[in-house]
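Asks: Here you go, one structure.
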Amino acid sequence: MTRINKLSGRAWERLLKECGVDAFNGAQGRILYVLWEHEKLTITDIARFTSLAKTTLTSMLDRMETAGLVERVPDTQNRRQIFVLLTEKARGYREKYDKLSDDMNDIFYKGFSDEEVAGFESQLRRILANFESDDFAIPKNNESEER
């Protein structure tokens with residue numbers, strides 16, 4: 001799985017470059033995707049949807065804000081809450097991103113039947129559900145090393 005992740009990341013970066021998209025990288029594309037789907041999110045929500053750590057997100061959002069892709073807006077009801085929103089510039093990349101996603105799916109599933117794809121994706125959803133379940137707990141503060 002690690003090798004597939006690395007190779008697919010390289011392929012995605014190559015597709016972005018070939019398509020002339022240099023405003024964001026693959027990881028930033030994940031953030032853009034969830035914002036395209038939800039329009040306005042908190043950093044906590046983005047972390048949940050992308051599985052990126054909040055500390056990682058903060059620096060990525062800083063770079064994306066500098067690049068004019070996102071903006072942070074305080075919640076009018078709760079000053080401690082900050083929302084992340086897309087800019088018009090970022091909205092303009094949606095069509096290219098969707099096409100590149102289709103291209104990646106073509107690479108991923110080359111030679112697979114529709115039934116094989118459906119079965120594989122079903123199994124991946126089950127694995128994901130196992131990790132997201134309340135029964136699974138990641139030890140905190142090196143608890144596993146202290147035992």
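The values are calculated or read from the model by the stated rules, or taken from the named source; none is laboratory data. No experiment lies behind these values; they were computed from the predicted model shown. Note that we place each Cβ from the backbone using ideal geometry, even for glycine, and neighbour counts take in every protein chain shown. Just so you know, the surface numbers come from the protein's heavy atoms only, side chains and all, with ligands and any DNA or RNA stripped out. Shrake-Rupley method; radii C 1.70, N 1.55, O 1.52, S 1.80 Å.
Asks: The list (1) 40, 37, 30; (2) 51, 50, 25; (3) 43, 39, 20 gives values of Cα extents along the principal axes in Å, and only one came from this structure; which label was calculated from it?
Replies: The calculated read-out lines up with (2).
Asks: Accessible area per residue of the chain at 1.4 Å probe, in Å²? Mind showing how you got there, number by number?
Replies: Details: 10840 Å² over 147 residues.
It amounts to 74 Å² per residue over the chain.
Asks: How much length is gained on full extension from Glu116 to Asp45, taking 0.36 nm per residue of separation minus their Cα-Cα distance?
Replies: Working: separation 71, 0.36 × 71 = 25.56 nm, distance 3.19 nm.
Length difference between fully extended and current span is 22.4 nm.
Asks: Same structure, new question: State whether region 78-119 is rounded, prolate or oblate according to the following rule on the C-alpha gyration tensor (a ≥ b ≥ c being the square roots of its eigenvalues): a/c under 1.5 gives rounded; otherwise a/b larger than b/c gives prolate, and the remaining case gives oblate.
Replies: oblate
Asks: Collect residues whose amide H, placed 1.01 Å from N in the peptide plane, falls under 5 Å from the amide H of Thr42; neighbours closer than 5 in sequence don't count.
Replies: Val84
Asks: Rounded to the nearest percent, how much of the accessible area of the chain (1.4 Å probe, protein heavy atoms only) is carbon and sulfur?
Replies: Numbers: 5420 of 10840 Å².
Result for the chain: 50 percent of the exposed heavy-atom area is carbon or sulfur.
Asks: Determine the gain in length on full extension of the stretch Arg79-Glu13; use 0.36 nm per residue of separation and subtract their C-alpha separation, reporting nm with one decimal.
Replies: Details: separation 66, 0.36 × 66 = 23.76 nm, distance 3.70 nm.
In short, 20.1 nm is gained.
Asks: Right, here's the next one. Assign unit charges at the C-beta atoms only (+1 for Lys and Arg, -1 for Asp and Glu), then state the dipole size of the chain relative to its Cα centre in Debye, rounded to the nearest 20. Before the final figure, lay out each step's value.
Replies: Values: 23 positive and 26 negative charges, 104 e Å.
The dipole of the chain has a size of about 500 debye.
Asks: I'd like the FRET efficiency for Glu71 and Lys99, computed as 1/(1 + (r/R0)^6) with the beta carbon distance as r and R0 of 30 Å, rounded to 0.05. Walk me through the numbers on the way to the answer.
Replies: Numbers: r = 25 Å, r/R0 = 0.85.
Once rounded, the FRET efficiency stands at 0.75.
Asks: Taking 22 Å as R0, compute the FRET efficiency from the Cβ-Cβ separation of Arg126 and Ala27 and round it to 0.05.
Replies: Values: r = 25 Å, r/R0 = 1.15.
Calculated value: 0.30.
Asks: Using 1/(1 + (r/R0)^6) with R0 = 22 angstrom and r between the beta carbons of Ser133 and Thr2, what's the FRET efficiency to the nearest 0.05?
Replies: FRET efficiency, Ser133 to Thr2: 0.45.
Asks: Moving on. List every residue whose amide H lies under 5 Å from the amide H of Val70, counting only residues 5 or more places away in sequence or on a different chain, with H placed 1.01 Å from N in the peptide plane.
Replies: The list, which skips near neighbours in sequence, is Glu65, Thr87.
Asks: What is the magnitude of the charge dipole of region 5-51 about its Cα centre, with +1 placed on the Cβ of each Lys and Arg, -1 on the Cβ of each Asp and Glu, and no other charges, expressed in debye to the nearest 20? It would help to have the intermediate numbers written out before the result.
Replies: Working: 7 positive and 6 negative charges, 46 e Å.
Its charge dipole is roughly 220 debye.
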